[in-house]
There are 4 protein chains.
Amino acid sequence: MIKAGIFGATGYAGYELVKILQRHEGVKLEFVTSHSFAGQWLDDLYPQAPHLLLIEGEAAPLDQVDAVFLALPHAAAAATAVAALSAGVRVIDLSADFRLKDLETYEAWYDVTHPAPELLATAVYGLTEFVRDQLPDAQLVANPGCYPTSVLLALQPVLAAGLPIAGPIIADSKSGVSGAGRVPKQHIHFVEVANNFSPYKIGRMHRHLPEMEEQIAAFSQNADAPPLIFSPHLLPVPRGILSTIYVPLSGQPNADDLHDLYAQAYADEPFVHVLPAGQLASLAHVTHTNRCAIAVTLAGSTLILTSAIDNLIKGAAGQAVQNMNVMFGFEEARGLS
Amino acid sequence: MIKAGIFGATGYAGYELVKILQRHEGVKLEFVTSHSFAGQWLDDLYPQAPHLLLIEGEAAPLDQVDAVFLALPHAAAAATAVAALSAGVRVIDLSADFRLKDLETYEAWYDVTHPAPELLATAVYGLTEFVRDQLPDAQLVANPGCYPTSVLLALQPVLAAGLPIAGPIIADSKSGVSGAGRVPKQHIHFVEVANNFSPYKIGRMHRHLPEMEEQIAAFSQNADAPPLIFSPHLLPVPRGILSTIYVPLSGQPNADDLHDLYAQAYADEPFVHVLPAGQLASLAHVTHTNRCAIAVTLAGSTLILTSAIDNLIKGAAGQAVQNMNVMFGFEEARGLS
Amino acid sequence: MIKAGIFGATGYAGYELVKILQRHEGVKLEFVTSHSFAGQWLDDLYPQAPHLLLIEGEAAPLDQVDAVFLALPHAAAAATAVAALSAGVRVIDLSADFRLKDLETYEAWYDVTHPAPELLATAVYGLTEFVRDQLPDAQLVANPGCYPTSVLLALQPVLAAGLPIAGPIIADSKSGVSGAGRVPKQHIHFVEVANNFSPYKIGRMHRHLPEMEEQIAAFSQNADAPPLIFSPHLLPVPRGILSTIYVPLSGQPNADDLHDLYAQAYADEPFVHVLPAGQLASLAHVTHTNRCAIAVTLAGSTLILTSAIDNLIKGAAGQAVQNMNVMFGFEEARGLS
Amino acid sequence: MIKAGIFGATGYAGYELVKILQRHEGVKLEFVTSHSFAGQWLDDLYPQAPHLLLIEGEAAPLDQVDAVFLALPHAAAAATAVAALSAGVRVIDLSADFRLKDLETYEAWYDVTHPAPELLATAVYGLTEFVRDQLPDAQLVANPGCYPTSVLLALQPVLAAGLPIAGPIIADSKSGVSGAGRVPKQHIHFVEVANNFSPYKIGRMHRHLPEMEEQIAAFSQNADAPPLIFSPHLLPVPRGILSTIYVPLSGQPNADDLHDLYAQAYADEPFVHVLPAGQLASLAHVTHTNRCAIAVTLAGSTLILTSAIDNLIKGAAGQAVQNMNVMFGFEEARGLS
């Protein structure tokens, strides 16, 4: 049994962490923090939540926990990470602060001076499936972004296989509204979202783009990794991401071979499901689960991957707990199925 | 051709006014105001809107218009009404400021000192169907609330007929989210509303209760008007109100007689449709129209009325223009069908 | 460990049973049947379902199970119940076949000759909270309807307390679309339901009315039980029921006393939550849980109860498993929290 | 004043035609047909519809009309077209029967023998903006498919400009549920669609692919037109299509030049709106209108077009009436704004 705390428990990802940890038999949840709602009870905000008192982050008893989850805004997360690590507490950070290895890229895209650049080198980018050997010793895990999780799990096999790619990869992604956070804003007002569907920051404008390109380069193991075009869209659903990804292959790719590549790559994965040939991924495959469903389709020489996750679970809180499980030696699926 | 202006054109009711007046061939829209968005264009907020510059209310050229519509918060509306009337401009006020004849009731429920109590006596409560003779001379019209419109149109025939009522009337009403306004708030965040349904301020707590009780007393023409129990609920749809209204009648009411009473009462009305016996009103009957659909059902001795309107049209902007049409001698349905 | 089978596993309630039993550690699911989909796999229909082969009901190995759940159309359920009971298998029937004690009432409302009227007397009406002492010996449990569950849990305390009631009770209920079943029909087409809200069979026309009136009479323990007016409405959400219930009390009821009555009645219940005074029940309190949330409000002398359940769980599959737990001596909340 | 009839008036596109023609002052609607609902009234199906009797198609008085709209299944439409043309009636066909010039392609994709192949050569593919000179003499107009309308209006300028294209064009399209028709089916049941989002027939599998490729070849004016990859998805909204289209350009395209190309191409169009640079198209720009909103974005050398229409209006009934207006010499926007 380990002890854990959650910083930023009232956002959608933070609350999802509460729900998962409550049913995880190896973890005792010691505290939950909130800056905006400190002094209130979590079930005042979420009627199904447990009756937990929200405290200020500064008041969190770091000396009483083994791990903390940071569901905080960027920059705030890094500052808290420093404090936690200093207290000997292992950190799983759901913000963007430690996802990018390149400091300049981070500061350019997030328009802030990084509070702890010295930690970038040690942070593990926590796409669990590919860093299982690093997690047991990791002190700081950067939990991947929601869009990157859906895109990178789909892209890794074809990139790692080294198949030649003929041009930019296109990820046309569609996300439910919880991805925009819980703070009320005009564009996520019910009346604005219902009956609507809208692209935003398409092309090369969204902050998740450099995060994905860093990993694509790493998967590709060469300097000539293909560029990414990333087009997010806002779906009128509360949760879920579906990415439709186009990979222009060179030569004469074979559909069966490509399906086999994926089926074998993920054959033993508890949370990545490669669908049978002929099927396509949808939100219905994954909402309220920690799964990623991936379907493999070939059109001419273009590989089309459809990849679906629940943005709050596999795209945030679920993957964070999956990482924690590996870090602390629990069964990887504990609390997640 | 008359000239008109809209104060508060960026809220949902205000924008609906813009749309209706744009297609009304007897009205030239001279100005649109907004406190929060002055200096911006209306089509920056609503992509289908005409390209109109939003100006501050203080800058509105009252000397150039014949009528103004006030889609402003209460108290602000009354202050603007005073200025407009002083300038000789006729006022159709969509706020609550002039709906209640009783000053104390207003100040108790709205928790504000009324800015212009002297106008209460002259304001016409604009449920068009029942005040057509007063509108041509009216300088100030208090446009009814959305819930009251759905409830009062349903109740008037049975109350005016003087049938004895055995106890409180119950109005169980359900409204789409646009009724809560355009300003972002937590409870109207898409994620909070989708898949949810929730009552609020039920019983005798909502501000529309005294408005309805004043009119019920007027319809009843006696001191023994039944009390009202009013239960609003928030529906996960953008627009529309359905009220299910229970009137406990004394004696042995007859279903056919009741249906006849309603059919005759509204036989010549362009916007009130009494449905054939056996049918029930739904939002699908009325959204995007100025109609009120009313169905008459009897269960034992309880009369059940289902009454549906579009809260932004018959419940706000449409009825306001309907009132304007009668005030200025236009055909009543002009711009509304 | 007991063994169980599900007849009719592909409807929404049947599939919910599969999900609950899969995580119930005391039950082994032996078979799942479907008439329309026999020979197919459950996960062909529901992408998150376990990989279970659907068999014809006639082929179900009754000799290998201890209990069966019937999620079948009425009349078909009764015929299967007879076969199961003959084989010594205990039955939890989710259809209407054994809910009404009065044969004539059943045959009049369901327009069918009852296939097994001799079983009506022995069937236990399984509103678990009130029949815990009868369940351990019960061979046949009639699981309550979804609307009745939401209404009866709310009404029982005030009726059992014997407070005088001044007129008909009104239950204005709103249900998500899964209550209409999985078979495609025009009125549950997405385009018909989205943005709409509609009453149906209001007053005294819905089949759940006699079921509720039988229980109201039983709770009231006298011949003068108040009549019920029941108004169901179709909500544009997949799941959940909210009932707003009006009980006209005689005399001068006290709000605190009424709240105390409810708080005490359900103080020890794992699944019935009486909300603090001032709060109201909503779907958000209960969806995806086996809970019933009840709020107590007083308006004049009218008691207003808001009562929310998930129609597929507490209103169907969850309550069925709750009954099974008591029947077989499991902890009552097993598999349900 | 001309006279017109609608074959297949009860589907979503057919009913939209009724609504548009009812407000078109130059057209008298003579008849509406329905095979499934003949003998019923249109307002029995659609509560806001006019009170029109539905007749069998065979009973339609072709001798009394100048034009007919065919909103029928494929093959049935062609047979009706033959009868109408023989009677001297001009035909606007909303089915796929006359969209493809190549008979073999039609028969391969639609798996039917074409009932009237001799008419293929004379049919005008009615993307109004590009065939205005042919419409006044056209006897038979093939109204474009909904997806093709959104994609082709977006692609025409870049293709007609002859800019070199480096690989396949990708159209990632998302459609509201009305595109799947009004007949109830499992995958468009409210419970299946709500909270879901799903791709279907992606790559080179959807029947609209050959229709688009024929037009792309025509726009390109050469044999080397790029292939198309087309990925439709089902959106949980009633209406609207948004296509996100990726065109890989050769060389070093310039964003301003591309925007200018589009702005000029559509400068005088009443229904095609090229959005200002920096904006993106969304369903909110177009639902309930005959507009197509197109935004032009450049990412590296990939042109990204976002193109939105209302699938039932510009994608079906609205474009059909737009075609009729040009055919009969009415102002093109008559009845459509």
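Return yes or no: is residue D:56 modelled with pLDDT of 95 or more and closer than 26 Å to residue C:191 by Cβ? It is true that residue D:56 is modelled with pLDDT of 95 or more and closer than 26 Å to residue C:191 by Cβ. If the condition is being open to solvent by 10 Å² or more (accessible area, probe 1.4 Å) and over 21 Å from residue A:98 (Cα atoms), then the range A:140-158 contributes no residue at all. Give the residue that is farthest from the other protein chains (Cβ to nearest Cβ), with candidates limited to residues of the range B:160-215 that are within 22 Å of residue C:294 (Cβ to Cβ) and among the hydroxyl-bearing types (Ser, Thr, Tyr). The residue in question is B:173.
Scan the range B:131-190 residue by residue and report those that are under 20 Å from residue B:70 (Cβ atoms) and part of a strand (DSSP E or B). Selection gives B:140, B:141, B:142.
I'd like the residue in the range B:205-214 that is in a loop (DSSP other than H, G, I, E, B) and out of contact with any strand residue (DSSP E or B) (no Cβ under 6 Å at 6 or more places or on another chain) and, out of all such residues, is most open to solvent (accessible area, probe 1.4 Å). Going through the qualifying residues, I end up with B:205. Restricting C:72, C:94 to those that are under 12 Å from residue C:323 (Cβ atoms), open to solvent by 20 Å² or more (accessible area, probe 1.4 Å) and touching a residue at least 12 places away in the same chain (Cβ under 8 Å) reduces the list to C:94. Restrict the check to the range C:238-248 and report whether at least one residue is of a type in the set (Lys, Arg), closer than 18 Å to residue C:148 by Cα and crowded, with 24+ Cβ neighbours inside 10 Å. Checking the range C:238-248: at least one residue is of a type in the set (Lys, Arg), closer than 18 Å to residue C:148 by Cα and crowded, with 24+ Cβ neighbours inside 10 Å.
Do we find a residue being open to solvent by less than 30 Å² (accessible area, probe 1.4 Å) and under 27 Å from residue A:281 (Cα atoms) anywhere in the range C:50-69? Checked the range C:50-69: at least one residue is open to solvent by less than 30 Å² (accessible area, probe 1.4 Å) and under 27 Å from residue A:281 (Cα atoms).
Inspection of the range C:220-232 identifies at least one residue that is open to solvent by 40 Å² or more (accessible area, probe 1.4 Å), farther than 30 Å from residue B:240 by Cα, hydrophobic (A, V, I, L, M, F, W, C) and more than 10 Å from chain B (Cβ to nearest Cβ). Among the residues of the range B:267-288, those that are surrounded by 19 or more Cβ atoms within 10 Å (Cβ to Cβ) and in contact (Cβ under 8 Å) with a residue 24 or more places away in the chain comprise B:271, B:272, B:280, B:281, B:282, B:283, B:286, B:287. From the list D:259, D:288, D:233, the lone residue that is on the phi > 0 side of the Ramachandran plot and modelled with pLDDT of 95 or more is D:288. For the range A:8-44, filtering for residues that are assigned to a helix (DSSP H, G or I), among the aliphatic types (A, V, I, L, M) and open to solvent by 20 Å² or more (accessible area, probe 1.4 Å) leaves 1. Scanning the range A:191-204 for residues that are modelled with pLDDT of 95 or more and part of a loop (DSSP other than H, G, I, E, B) yields A:194, A:195, A:196, A:197, A:200, A:201, A:202. Taking the stated definitions as given, is residue B:107 within 13 Å of residue B:5 (Cβ to Cβ), open to solvent by 40 Å² or more (accessible area, probe 1.4 Å) and touching a Ser or Thr at 6+ places or on another chain (Cβ under 7 Å)? So residue B:107 does not fit the description; no. Look at residue D:319 and say whether it is at pLDDT below 95 and either open to solvent by 30 Å² or more (accessible area, probe 1.4 Å) or within 28 Å of residue D:207 (Cβ to Cβ) (or both). Taking the combined requirement at face value, the residue does not satisfy it.
The values are calculated or read from the model by the stated rules, or taken from the named source; none is laboratory data. Remember, predicted model here, so these are calculated numbers, not experimental data. Ideal geometry is used to build each Cβ from the backbone, glycine not excepted, and the neighbour counts take in all protein chains shown. In case anyone asks, the SASA skips ligands and DNA or RNA and just uses the protein heavy atoms, side chains included. Shrake-Rupley method; radii C 1.70, N 1.55, O 1.52, S 1.80 Å.
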